[in-house]
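The values are calculated or read from the model by the stated rules, or taken from the named source; none is laboratory data. What you see is a predicted model; the values in this text were computed from it and never measured. Every residue, glycine as well, gets a Cβ built from its backbone with ideal geometry; the counts of neighbours run over all protein chains shown.
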Amino acid sequence: MHYRIDEQGRKRVTLIPGDGIGPEVTEAARRIIDAAGVRIAWEIREAGAEVFKKGLPTGVPPETIASIRETRVVLKGPLETPVGYGEKSANVTLRKLFETYANIRPVRELPGVQTPYSGRGIDLVVVRENVEDLYAGIEHMQTPGVAQCLKLMSKKGCERIVRAAFELARAEGCKSVHCATKANIMKLTEGLLKRTFEEVSKEYPDIQAHHIIVDNCAHQLVRNPQQFEVIVTSNMNGDILSDLTSGLIGGLGFAPGANLGDGIAIFEAVHGSAPKYAGKNVINPSAVILSATMMLRYIDEGEAANAIENALAYTLEQGIYTRDVRQEGSVSTTAFTDAIIANLGKLPSTWRARDRRPLRLTPLPPHRDYVRPASRRTIGADIFIESPASPEEIGTSLEHLVEGTPLRLKMVSNRGTMVYPSTGALTDCVDHWRCRFVLRDPSLSLNDEVLIDVLGRVGSKYRWMHVEKLEEIDGAPAFTKAQGED
Ligand code: NAP
């Protein structure tokens, strides 16, 4: 069972009110669910700003973790994250601690919410990979002036998010899935998602599979959004695209979300804590209310979910709305919530909640080395160094330093562009260099003894901070070339 029931027959849900406008929006959702007659045992737990202030650097206390482990289902408000400094995001921590790898962010046109797209029937879902990619947040200052963020994407991570997208398409009766990537530039990371999508799509012949470059996807979403039903994409691309899609149907106030893992689910709006509106009783609770209806379907309360969605649409049809829809004639958060409660059981005239099959994710085999190649070989290494010298000076001195070893310097690049041997281009350089060494005899395999000797030689003159082995996997290079490298 992917949710738990207490001794009084109530379904258990951990409720995290969150920061900023979080307590107001989650309270609205809780009141509506209770009024709809769903019997839930709410376990109210903390996370976010207040927890950081108490000195807990993760922002997620052990009592919250224990509650989620027990209930398996969470309704949460947004959590504040310091921007550009300070502790890591408690949101991302929660998603990663419970491996909720699929972030499902649907948007659907609602009655009474006028947008430039009204009448087009926008109804689409962004399926965003939720735990890998740049949001793993593995960052280092490699020199005092050069920062690095590792973009890690796994075959397993790609496969399970792509499967989630196709399963969702089936559950919702969609005809197509688009996979949005930047595989034209990041051929190994984003390319892995594209290749996995193409492979997995063969198992879903009833659904059309289209790949689209993510920047064109953003463009197409603005020009012709109704062509999309399900868009599967990587973590950061999905974060950006889903804010865009929320803008198409009236803004973040109407955009719900679910973070799903194997047997665990965290439901929350796409929006953040909107601190300037905190405590003012003016914000739109619809996004969290719609997230709560996703939660109700997940815990087999589909009828109540439909009733709440219909009551929300009926309320909007009546011309009752919050100030994000239109300032003039708007009502408070609590008045809007009261109106939805009063409208439970009523049906809107132009819109209907849809019965949806609850999405169940397919667990993949648990072994960690998910991909087992037939052959692999190390053929060289990239050694990253710091130096204020010129490309010529660095290149010639490195060639000299590795004389007599099995490795030779192939090239030096600066932020991805080859600068030694010179291409004749005018690349502006910083003090961070990637020095590519390859075996003089390409039929051999590089061992650690040789690499450590070369590292010692390079280190006798330069500060090195990072090493990457160059591998050939199943006979193909498992690394990309620098811009300008042959
Ligand atoms: P935000 O909180 O989503 O707010 C951005 C803007 O969106 C608001 O100023 C407001 O626009 C509008 N908005 C958001 N929610 C609304 C609602 N319920 N009703 C009406 N309008 C709404 O984004 P942010 O200002 O970039 O981030 C603030 C904090 O939230 C940051 O600490 C960030 O890290 C955090 N955050 C948390 C989550 C999460 O917990 N899942 C997600 C995103 C951000 P107008 O100004 O035009 O009225």
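Here are 74, 83, 60: which of them is outside any helix (DSSP H, G or I) and in contact with a strand residue (DSSP E or B) (Cβ under 7 Å, 6 or more places away or on another chain)? Lay out the reasoning, then the answer.
Working: 83 fails: in contact with a strand residue (DSSP E or B) (Cβ under 7 Å, 6 or more places away or on another chain); 60 fails: in contact with a strand residue (DSSP E or B) (Cβ under 7 Å, 6 or more places away or on another chain).
None of the others qualify; the one that does is 74.
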Looking at residue 173 and the list (1) free of Cβ contacts under 8 Å to residues at least 12 places away in the same chain; (2) more than 30 Å from residue 118 (Cα to Cα); (3) outside any helix (DSSP H, G or I), which single condition is not satisfied? (2)
When you scan the stretch 145-162, do you find a residue that is modelled with pLDDT of 95 or more and either of a type in the set (Ser, Thr, Tyr) or in the same structural domain as residue 268 (by TED's automatic domain parsing) (or both), even just one? yes
From the list 163, 128, which residue is surrounded by fewer than 23 Cβ atoms within 10 Å (Cβ to Cβ) and charged (D, E, K, R)? 163
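If you take the residues in the stretch 247-262 that are assigned to a loop (DSSP other than H, G, I, E, B) and more than 9 Å from the ligand (Cβ to nearest atom), which one is surrounded by the fewest Cβ atoms within 10 Å (Cβ to Cβ)? If you could, list the steps in order and put the result at the bottom.
The initial filter retains those residues of the stretch 247-262 that are assigned to a loop (DSSP other than H, G, I, E, B), namely 249-251, 255-257, 262.
From what is left, the residues that are more than 9 Å from the ligand (Cβ to nearest atom) are 249-250, 256, 262.
On the way: 249: 23, 250: 24, 256: 25, 262: 17.
Residue satisfying both the conditions and the ranking: 262.
Could you tell me whether residue 106 is within 30 Å of residue 316 (Cα to Cα), touching a His at 6+ places or on another chain (Cβ under 8 Å) and outside the structural domain of residue 239 (by TED's automatic domain parsing)?
No.
Would you confirm, using the coordinates I've provided, whether residue 214 is within 16 Å of residue 127 (Cα to Cα), in contact with a Lys or Arg (Cβ under 6 Å, 6 or more places away or on another chain) and among the aliphatic types (A, V, I, L, M)? Steps first, answer last, please.
Details: within 16 Å of residue 127 (Cα to Cα): yes; in contact with a Lys or Arg (Cβ under 6 Å, 6 or more places away or on another chain): yes; among the aliphatic types (A, V, I, L, M): yes.
Spelling it out, residue 214 is indeed within 16 Å of residue 127 (Cα to Cα), in contact with a Lys or Arg (Cβ under 6 Å, 6 or more places away or on another chain) and among the aliphatic types (A, V, I, L, M).
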In the list 32, 104, 65, which residue meets the criterion of being part of a strand (DSSP E or B) and either of a type in the set (A, V, I, L, M, F, W, C) or touching a Phe, Trp or Tyr at 6+ places or on another chain (Cβ under 7 Å) (or both)? 104
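State yes or no: is residue 264 free of Cβ contacts under 8 Å to residues at least 24 places away in the same chain, closer than 23 Å to residue 92 by Cα and touching a helix residue (DSSP H, G or I) at 6+ places or on another chain (Cβ under 8 Å)?
On the way: free of Cβ contacts under 8 Å to residues at least 24 places away in the same chain: no; closer than 23 Å to residue 92 by Cα: yes; touching a helix residue (DSSP H, G or I) at 6+ places or on another chain (Cβ under 8 Å): yes.
Against the criterion (free of Cβ contacts under 8 Å to residues at least 24 places away in the same chain, closer than 23 Å to residue 92 by Cα and touching a helix residue (DSSP H, G or I) at 6+ places or on another chain (Cβ under 8 Å)), residue 264 does not qualify.
May I ask you to list the residues in the stretch 87-108 that are closer than 23 Å to residue 139 by Cβ, touching a helix residue (DSSP H, G or I) at 6+ places or on another chain (Cβ under 9 Å), of a type in the set (D, E, K, R) and within 12 Å of the ligand (Cβ to nearest atom)? I'd like the intermediate steps shown before the answer.
Let us first name the residues in the stretch 87-108 that are closer than 23 Å to residue 139 by Cβ, namely 87-101, 103.
So of that shortlist, the ones also touching a helix residue (DSSP H, G or I) at 6+ places or on another chain (Cβ under 9 Å) come out as 87, 89-90, 92, 94-98, 100-101, 103.
Add one more test, that the residue is of a type in the set (D, E, K, R), and what stays is 87, 95-96.
Selection gives 87, 95.
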Regarding residue 120, is this residue more than 13 Å from the ligand (Cβ to nearest atom), more than 16 Å from residue 265 (Cα to Cα) and over 15 Å from the mean Cα position of the chain (by Cα)? yes
When you check residue 398 against the structure, is it buried (at least 19 other Cβ atoms within 10 Å of the Cβ), part of a loop (DSSP other than H, G, I, E, B) and not assigned by TED's automatic domain parsing to the domain that holds residue 304, yes or no? no
Here's a check for you: in the stretch 313-329, which residue that is assigned to a helix (DSSP H, G or I) and touching a residue at least 60 places away in the same chain (Cβ under 8 Å) is surrounded by the fewest Cβ atoms within 10 Å (Cβ to Cβ)? 317
Of the residues in the stretch 132-158, how many are surrounded by fewer than 12 Cβ atoms within 10 Å (Cβ to Cβ) and assigned to a loop (DSSP other than H, G, I, E, B)? 3
When restricted to 265, 209, 218, 292, the only residue of a type in the set (A, V, I, L, M), away from the ligand (no atom under 16 Å from the Cβ), crowded, with 19+ Cβ neighbours inside 10 Å and not in a loop (DSSP other than H, G, I, E, B) is 209
Which residues, taken from the stretch 51-69, are at positive phi and away from the ligand (no atom under 11 Å from the Cβ)? 55
Within the stretch 278-285, is there a residue that is of a type outside the set (Ser, Thr, Tyr), assigned to a helix (DSSP H, G or I) and surrounded by fewer than 24 Cβ atoms within 10 Å (Cβ to Cβ)? no
State whether one or more residues within the stretch 70-86 are within 16 Å of the ligand (Cβ to nearest atom), closer than 25 Å to residue 306 by Cβ and among the basic types (Lys, Arg). yes
